[in-house]
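This report concerns only the one structure given below.
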Amino acid sequence: MNRDYIFWQRLDALLEQSEIVIDRPKGATHPRFSDIVYALDYGYLDGTTSTDGEGLDVWLGSDDRRQLDAVICTVDLDKSDAELKLLVGCTDQDKAYIERFYNEYPNMGAIIISRN
């Protein structure tokens, strides 16, 4: 079996087994930085754990099909961490917004890995 297929299959399984909790709905401001406003729903998978000890982060895009489209790998030098976040139901426009969201700040960076 192809390793790419297995990777996406395992992420699909996490999505199926977990509830998406939206703790920063579209239009909400960041809890620590009031100048950051979320243009898409942002939350986490309940019952999962990421590198920061919290649930695996999820961006919910504007496509109602809610399929896992991509992941984004982020680096935050201020927090000295790197994370993998799921992009669910994200159009190309949504993905461009999410990538800009992380790359516009001086101590952060991100790349998107799209599902083929």
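Against the set [x] 16.9; [y] 14.6; [z] 16.0, the structure's computed Kirkwood radius over Cα pairs in Å falls on [y].
Please sort by residue number the GluC sites (Glu not before Pro) in region 20-116 whose DSSP state is loop and whose Cβ has at most 13 other Cβ atoms within 10 Å.
Numbers: sites: 54, 83, 99, 104; in loops: 54, 104.
Within region 20-116, the qualifying GluC sites (Glu not before Pro) (loop, at most 13 other Cβ atoms within 10 Å) are 54, 104.
Per-residue accessible area (protein heavy atoms, 1.4 Å probe) orders 5, 105 as 5, 105, starting from the largest. Full extension of the chain segment joining residue 114 with residue 46 gains 22.2 nm, where the gain is 0.36 nm per residue of separation less the Cα-Cα distance. What angle do you read, to the nearest 10 degrees and between 0 and 90, between the alpha-carbon axis of helix 92-103 and the longest principal axis of the chain? Rounded to the nearest ten degrees, it is 50. Axis angle, to the nearest 10 degrees, between helix 3-17 and the longest C-alpha principal axis of the chain: 70 degrees. The magnitude of the dipole of the chain, with charges of +1 and -1 set on the Cβ of Lys/Arg and Asp/Glu and taken from the Cα centre, is near 180 debye. Over the residues of the chain, the helix contribution to mean residue ellipticity at 222 nm works out to -7500 deg cm²/dmol, using -39500 (n - 2.57) for each DSSP H run of at least 4. Taking amide hydrogens as placed 1.01 Å from N in the peptide plane, the amide H of residue 61 sits under 5 Å from those of 88, 89, 90, each at least 5 positions away in sequence or on another chain.
The values are calculated or read from the model by the stated rules, or taken from the named source; none is laboratory data. Keep in mind that what you see is a predicted model, and the values were worked out from it rather than measured. Here Cβ is always computed from backbone atoms with ideal geometry, including for glycine, and neighbour counts include all displayed protein chains. These area figures cover heavy atoms from the full protein model, side chains too; ligands, DNA and RNA do not enter into them. Shrake-Rupley method; radii C 1.70, N 1.55, O 1.52, S 1.80 Å.
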